[in-house]
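What follows is a single structure, written as C-alpha cells, with notes after it.
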Amino acid sequence: MRKTVSILGSTGSIGKQALNVITDLSDRFNLFGLAAGANIEVLKEQIIKHKPEVVSVRDEKSVLALKKEFPKLEILFGGDGLEQIAGNRQNNIVLIAVSGTAGLYPTIAAINNNIDVALANKETLVSAGSLVMNLAKEKNINIIPVDSEHSAIYQCISNKDKNFIKKLIITGSGGPFRTKTLKDMQYATVEQALAHPRWSMGSKITIDSATLMNKGLEVIEAHWLFNIDYKDINVVIHPQSIIHSAVEFLDGSVIAQMGIPSMHIPIQYALTYPQRCKGLESETLNLTQVSRLDFEDPDLNKFPCLKLAYQAGQSGQTYPTVLNALNEIAVNEFLNNQIKLTDIPRIVEEGLNKHNSVSATDLNDIITADKWGRGFAQSLIRK
Ligand code: NDP
Ligand code: MG
C-alpha cells in the first residue's frame, strides 16, 4: 500500500534527507504537505520538485511571497498551519522534523487524528513525554523514532522482547570537544562548536552535541519511548558512530544496531515501518575498513549538561520541560555570540534549581513551565 506522508521542517537537515528518501521510493509514497520556517527559497524549489498539496510557513508575510508564484497552492502559516497539515487525515504518517518545542502541537494533532508519527523532534518528548506517550497509547498510534539512537533501539526490540529488557545503551560520538579540555570549551567559538566530527545536522542539535546536552535529551527521550527507568539507561561514548545504540536483555544477551552514520537509514526505516526496502546509500558498512570500535565513559565534569538532564529526568514532573526550555534559549544566545558555550550548563543548572515543578500531565502546565524556563534564561542572560 502506498503511504501518504507530510514533512514538517522540510527545509532542514532531516527534512531534506526525508525528501531524498521519498523521492527514491516514489512508488511507495505520496506527498501531502510540507512545512518550513523562514527558508522560502528552498521551500519554493521543493514545491516545484515535489508538488505538495499544501504547504505551511512560519510567518504570514511569507504566504504572500509564495502566493504570487503558486496561486493555486493551499498555503498556511504559523502554529495553526503546522497543526492543520499534521492532523489532516489524508496522511498515513507525518514526519515531525521541525526543531525545538515547535514540534509539540503538531505531534499532538497527528495523534489526535489517528495518524502515525515519525518523530525526529526529540524536544517534544523531553518537554511533554508523559502526555504525548499516554495520548499515543490511548489512540493506539505508533510513534516511530527517527533519532538514530532510538531508531537503533526500536530495531533491536521486537514486541515479544519488551518485557525482558535489562538496560539501554545509548551511544554518542562525543562531539567536537571529546578530546579537548574544559578551557578549550570555555573559549570555543560558534564555528568550533558547530564542527561536528561525524554528523551534519541543524545548528541547535549540533550545539547540543557539543555540550552533550543532546545525549541528555536522548536519555529522556528513550525513557518515554521505551518506558525504561533512568538508572537502566547508560550513555557510552563511541567516536566512530558505527554502533548506533544497543539493548541488553535479562539473560545477558546484548543486541546492537550498526551501520554507516547516515540519517537516511533511520528516516527511511521510520517511514517504511514495519517493512524494509532498498536504501539510498551506495556505501555499506565495511567492518574490516572500520577496523576498530572504541568506547569510553562520558566525562561528566567536562559535560555537566548530561548530568543535569539525568537529574531533571529523575526528578520528573516539569523539570525536563524546563531543562529543555532553558537549554533552547541558552543555545540560541550562544549561536548569537551573546554567551560562552560553558554558560549553557550554568544557565540550565540555575534554572532547574529555581524551578517550582508541578505534574507534567496537563498541556497548560507544560506550556507554563516552558514559558517560565525561557523567561528565566533570558532574564539571567540580560542581567
Ligand atoms: P534544522 O535546523 O536543520 O531544521 C529545522 C527545520 O524546522 C527547518 O525546516 C526549519 O525551517 C523548521 N522550523 C523551525 N522552526 C519552525 C517553526 N516554528 N515553524 C515551522 N518550521 C520551523 O534541524 P534538524 O533537521 O537538524 O533537526 C530537526 C529536529 O530533528 C530537531 O528536533 C533535532 O533534534 C532532531 N534530530 C535531528 C538530527 C539530524 O541529524 N539533523 C538527528 C536526530 C534528531 P527554516 O529552515 O525554513 O526556517
Ligand atoms: Mg541522536
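Can you tell me which residues in region 329-348 are open to solvent by 30 Å² or more (accessible area, probe 1.4 Å) and either in contact (Cβ under 8 Å) with a residue 60 or more places away in the chain or within 22 Å of the chain's Cα centre (by Cα) (or both)? Scanning region 329-348 gives Asn332, Leu335, Asn336, Asn337, Lys340, Thr342. Only one residue in Leu326, Leu306, Leu293 is open to solvent by less than 20 Å² (accessible area, probe 1.4 Å) and within 23 Å of Arg178 (Cβ to Cβ), so which one is that? Answer to the selection: Leu306. With a requirement of 1 or more residues that are away from ligand 2 (no atom under 14 Å from the Cβ), free of Cβ contacts under 8 Å to residues at least 24 places away in the same chain and polar (S, T, N, Q), the helices (runs of 4 or more DSSP H) lying completely within region 106-203 that satisfy it span 190-193. Among the numbered conditions (1) more than 24 Å from the chain's Cα centre (by Cα); (2) within 24 Å of Lys371 (Cβ to Cβ), the only one that Gly100 does not meet is (1). Of the candidates Gln17, Gln90, the single residue that is at negative phi and either of a type in the set (Ser, Thr, Tyr) or not in a loop (DSSP other than H, G, I, E, B) (or both) is Gln17. Restricting attention to region 116-134, does a residue exist that is of a type in the set (A, V, I, L, M, F, W, C), open to solvent by 10 Å² or more (accessible area, probe 1.4 Å) and within 12 Å of ligand 1 (Cβ to nearest atom)? Yes, region 116-134 has at least one match. The lone criterion from (1) within 16 Å of ligand 2 (Cβ to nearest atom); (2) within 22 Å of Ala65 (Cα to Cα); (3) out of contact with any strand residue (DSSP E or B) (no Cβ under 9 Å at 6 or more places or on another chain) left unmet by Val42 is number (1).
Checked against the criterion of being within 13 Å of ligand 1 (Cβ to nearest atom) and in contact (Cβ under 8 Å) with a residue 60 or more places away in the chain, the candidates Leu82, Leu25 yield just one match: Leu82. Reported count of residues in region 93-105, each being away from ligand 1 (no atom under 15 Å from the Cβ) and in a helix (DSSP H, G or I), is 0. Taking the criterion of being away from ligand 2 (no atom under 16 Å from the Cβ), aliphatic (A, V, I, L, M), under 23 Å from the mean Cα position of the chain (by Cα) and within 20 Å of Ile267 (Cβ to Cβ), would at least one residue in region 57-78 satisfy it? No: zero hits.
Would you mention how many residues in region 43-87 are part of a loop (DSSP other than H, G, I, E, B) and on the phi > 0 side of the Ramachandran plot?
Final tally of qualifying residues: 1.
For region 238-276, filtering for residues that are part of a strand (DSSP E or B) and open to solvent by less than 60 Å² (accessible area, probe 1.4 Å) leaves 9.
The values are calculated or read from the model by the stated rules, or taken from the named source; none is laboratory data. Keep in mind it's a predicted model, so treat the numbers as computed, not measured. Because the Cβ atoms are built from the backbone with ideal geometry, glycine has one as well, and the counts that use them run over all protein chains shown. Protein only, heavy atoms only, side chains kept; ligands, DNA and RNA dropped before computing areas. Shrake-Rupley method; radii C 1.70, N 1.55, O 1.52, S 1.80 Å.
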